[in-house]
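The values are calculated or read from the model by the stated rules, or taken from the named source; none is laboratory data. In this text the structure is predicted, and so the values were computed from the model without any measurement. Note: ideal-geometry Cβ built from the backbone for every residue, glycine included; neighbour counts use all protein chains shown.
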Amino acid sequence: MVIAHPAAAMHHHASFGLVADGGHPFIHVMVDIGDHAPDAWDVNASEAGMATWQRIADTTQGHKVYRKVSLDTAHWQLHIPDDAFSRLTSLPPLDVLYLDWLQWLEKHASVSPHNHFANAVSAFVHKIREGGLIVLDHKHINNMSEDSHPWYANINDAFVHLNNGSMLANQGLVEWLSPDLHGDYHSHMATVFKVHHGINGPLTNKDWEQAMVPWTWMTMPEVSMTKADIQHLLVNQAKPTVHPDVLTQDEWMVQWLRYNDPHEPSPMWLGPAPPIHPWPSGAYARYLQWLLRHPQLLVGDLPRRSYHLLGEAFKLHIVHGDLLRIAPALHGSNTALAVREPLRRKVVGRCPRWLGQTLILQSSEPWMPNPVKGLQWSGENATPMLAKTMLEFAKMQPLSSIYSSIQTMQVNHVVTVSHGTASLGEVMRAVMSFYDDLPPVMARAPMEMTIVCLDEDDYTDLHTVPHQFQFLPDDGSCAD
């Protein structure tokens, strides 16, 4: 379920509390001007000084995502700093629109008065699925009555006919308790409307379920994995990850010791102690099992074109897609990521399992020397033989103490993106040069390289393929 609460500011706990007890996985979308994420204010703590929310993997667009660490139900709270109307209309449809402030809708109403509930909602109702809900919080009902501000003009109407042809059916009142960011419980009341888009027209015939699918892979990294990947996580009792920019509890304790030592430099403010894990015990495994029961959500096996270098244990894979979307599926314990620094940060933020498994092609700071001098990624003047450099770094950097940010491992798979002129012949000649320069006595361990490309025309120039490379069909047979 996807529920959005635009212009919520610090009141997002109300809509969260409405759906948190339902026991069904949900995505909670906040869009607001300014940063109102749980860790942006000095309130993300229990009475014991423990953080109540934890930042986890970003969305594919780089938006911050949080979860309430005490809640067993799988959920993702997105915080998007932007204009609510423009951002939400560019995103997939919603199940539930939660409203306690309608001003963000008023200027988009096509019928006067713009501040009337029915007219304001008409501007956005096309982004709510058939049978979805609009929840109108009574937060401002006492100081914004029909006389002064007609946001609540329709709360007693059985049906509300909108000027775009859709209709809202009044489902009555709902009342619930929810803790705020300080942990204090408050009572909330709202009028609930059910959305109907009529019996004919594009909104009636729209496949709403399919239109909402992008919410899952945009927000939930595990959805980009295969069924076998999910089963592997379960068998290995994989721990849920947190965002790489947040402190772990061990790191926080080191900072705390320094903070309390007058002779040690320390941050001015530590913030609450982070939890050991962002999910309660067993909750992450139950979420993975839920995914296995809903395999239609998973991205499945990635279509790819593969080539084998004759005489060597090397395979080249070409995958067309968005690296930020499929990065979780490409991760492996002996796989290294080789991309430019800005993209590296996005991938690790999206899939923290890549942390410590990224080759360093560019330094993270402008004053530090670059391992690849004058790196130019693409175009006719791109750095030559870049694929060869990646393979060399994959053999050297994880075993060198100079690159302490990379974990020690034997790399057998390098993942990168389109580079150079995106030519098969170009990258294959670079790979051949790498193997030609290896000492004859060196053992040839199996190695693979996957190139992810957004442009469908990249790496399609089959006429440039050297005869030393052989195409590998999906059925496992060999054919030129």
For region 260-286, how many residues meet the condition of being closer than 30 Å to Leu233 by Cα and of a type in the set (A, V, I, L, M, F, W, C)? 5
So how many residues does region 70-113 have that are more than 27 Å from Gly23 (Cα to Cα) and assigned to a strand (DSSP E or B)? 1
Meets criteria (in contact (Cβ under 8 Å) with a residue 40 or more places away in the chain, closer than 16 Å to Met10 by Cβ and either surrounded by fewer than 21 Cβ atoms within 10 Å (Cβ to Cβ) or not assigned by TED's automatic domain parsing to the domain that holds Gly22 (or both)) for His79: no
Of everything in region 295-311, what is part of a loop (DSSP other than H, G, I, E, B), out of contact with any strand residue (DSSP E or B) (no Cβ under 8 Å at 6 or more places or on another chain) and of a type outside the set (A, V, I, L, M)? Give them in sequence order. Gly300, Asp301, Gly311
Determine whether region 37-49 contains at least one residue that is in the same structural domain as Lys127 (by TED's automatic domain parsing) and under 15 Å from Trp279 (Cα atoms). no
Selection over region 367-387 where residues are in contact with a helix residue (DSSP H, G or I) (Cβ under 6 Å, 6 or more places away or on another chain) and exposed (fewer than 14 other Cβ atoms within 10 Å of the Cβ) yields a count of 0
Check Phe471 against each of (1) more than 26 Å from Gln357 (Cα to Cα); (2) assigned to a loop (DSSP other than H, G, I, E, B) and name the one condition it does not meet. (2)
Of the residues that sit in region 332-349 and are more than 19 Å from the chain's Cα centre (by Cα) and under 24 Å from Trp367 (Cβ atoms), which one is surrounded by the most Cβ atoms within 10 Å (Cβ to Cβ)? Ala338
For region 92-123, enumerate the residues that are closer than 14 Å to Leu162 by Cβ, surrounded by 21 or more Cβ atoms within 10 Å (Cβ to Cβ) and either in contact with a strand residue (DSSP E or B) (Cβ under 7 Å, 6 or more places away or on another chain) or of a type in the set (Val, Ile, Thr) (or both). Leu97, Val121
Looking at Ile406, Ile402, Ile451 in this structure, which one is surrounded by fewer than 19 Cβ atoms within 10 Å (Cβ to Cβ), among the hydrophobic types (A, V, I, L, M, F, W, C) and not in a helix (DSSP H, G or I)? Ile402
In region 208-263, the residues that are under 24 Å from Val348 (Cβ atoms), part of a loop (DSSP other than H, G, I, E, B) and charged (D, E, K, R): Lys239, Asp245
Of all residues in region 165-183 being at pLDDT below 90 and assigned to a loop (DSSP other than H, G, I, E, B), which is surrounded by the most Cβ atoms within 10 Å (Cβ to Cβ)? Leu181
Looking only at residues that are of a type in the set (Gly, Ala, Ser) and in a loop (DSSP other than H, G, I, E, B) in region 184-207, which one is farthest from Leu18 (Cα to Cα)? Gly201
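One line per residue, one yes/no per condition, for (1) in contact (Cβ under 8 Å) with a residue 40 or more places away in the chain; (2) on the phi < 0 side of the Ramachandran plot; (3) surrounded by fewer than 19 Cβ atoms within 10 Å (Cβ to Cβ); (4) not aromatic (Phe, Trp, Tyr):
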residue	(1), (2), (3), (4)
Tyr185	no, yes, yes, no
Phe193	yes, yes, no, no
Thr204	yes, yes, yes, yes
Ile230	yes, yes, no, yes
His243	yes, yes, no, yes
Thr248	no, yes, yes, yes
Specify the residue that is surrounded by the most Cβ atoms within 10 Å (Cβ to Cβ); the eligible residues are those in region 409-430 that are assigned to a strand (DSSP E or B) and β-branched (Val, Ile, Thr). Val415
Condition met for Pro275 (over 29 Å from the mean Cα position of the chain (by Cα) and in contact (Cβ under 8 Å) with a residue 12 or more places away in the chain): no
Could you please tell me which pairs satisfy a Cβ distance under 6 Å, a separation of 6+ or placement on different chains, a first residue in region 309-337 that is closer than 17 Å to Tyr435 by Cβ, and a second residue that is of a type in the set (Asp, Glu)? Lys315/Glu448
